[in-house]
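First comes the structure, then the notes that go with it.
The values are calculated or read from the model by the stated rules, or taken from the named source; none is laboratory data. In this text, all values refer to a predicted model and were calculated from it rather than measured experimentally. As a convention, Cβ positions derive from the backbone with ideal geometry for all residues, glycine included, and neighbour counts pool all protein chains shown. Accessible surface areas use protein heavy atoms only, side chains included; no ligands, DNA or RNA. Shrake-Rupley method; radii C 1.70, N 1.55, O 1.52, S 1.80 Å.
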Amino acid sequence: MTGSARRRTGDSRYGERVPLVAAAVCPHPPLLVPEVAGSATLKLDDLRTACDTAVRRLLAADPDRVVLLGTGPVTGPIRPPATGSLQPWGVDLDVPLVPGQPDRGAVLPLSLTIGAWLLARHDARPPLSAVQVAADAGLAELSALADEVSATGDRVALLVLGDGSACRGEKSPGYDDPRALPYDQRVAGALADADLDVLLGLDPVVSAELKAAGRAPWQVLASAARAAGGGWRGELLHDAAPYGVAYFVASWERV
């Protein structure tokens, strides 16, 4: 059934309109981009493949709109035109939010730059918007943002960008922290099981101390999924920490 047909029927199998219909969770290391990774690109091939799988499943849900969601300096929407740059990571590469946009427009943070790059690897082109969330945002702000994301009544699919802890070993960005592995295992289990309570229960202070950039976006996802109602099925497609930073890839769909 096409998206327009679903709009006519009002998604009756759920009893009412359901704003959030699918989600994908991916990390946002610049090294995902082969031009940035250089000779190390093969080391992240499995991660790149898992991200492509998650995005394909997201688009297969035939959403009316895809929303990129990731951390940024403030909380709020970034409307096209907007462009991200990988120049800070040594590559003269611009990533537009929408291919063919008329000018550079607003600046995308790294998380949404990588999200736009991941989407650009696929042919499907549903309407696209982007939302950034401050890393220190509290649950009330995140819940309000989740309501705002789905307020239009469109069938929304979320591409959620966020890394796990950055404290997995002495060579990690945050050095070694014994809390990091249990934290990441808890997140991995929650993403695999679509466990909203666990994601919503992540401690903002501990998450910040472990440099887990995904905490706020994951909690927006959990709030949006709870607001949509019904059941969710998750699948964890990737879980590794090759550079001392936890990278998760997950796919969520309604059941």
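At a glance:
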quantity	calculated
Spin-label pair Asp46/Val255, simplified geometry with 7 Å Cα→Cβ offset, distance in nm	2.6 nm
For the range 194-224 and the range 26-44, distance of Cα centres in Å	25 Å
Extended-chain gain in nm, criterion 0.36 nm per residue less alpha-carbon gap, Val107 and Ala120	3.0 nm
Net charge of Cβ neighbours under 15 Å - reference Pro96; Lys, Arg +1; Asp, Glu -1	+1
Net dipole in debye of the chain [+1 Lys, Arg Cβ; -1 Asp, Glu Cβ; about Cα centre; nearest 20]	700 debye
Net charge of neighbours whose Cβ lies under 14 Å from the Cβ of Arg48, counting Lys and Arg as +1 and Asp and Glu as -1	-1
Charge dipole magnitude, Cβ of K and R +1, D and E -1 - the range 106-255, Cα centre, debye nearest 20	320 debye
Local electrostatic count, Gly169, Cβ distance below 10 Å [Lys/Arg +1, Asp/Glu -1]	-1
Carbon and sulfur %, accessible surface of the chain computed with the full protein complex present, 1.4 Å	53 percent
Sequence-separation-based contact order of the range 163-225, relative, with Cα cut under 8 Å and 6+ spacing, percent	37 percent
At least 18 Å along the helix axis (C-alpha) and Kyte average at least -0.5, DSSP helices within the chain	45-60, 180-193, 215-228
Estimated 222 nm signal from helices in the chain, with DSSP H stretches of n ≥ 4 weighted -39500 (n - 2.57), rounded to 500	-10000 deg cm²/dmol
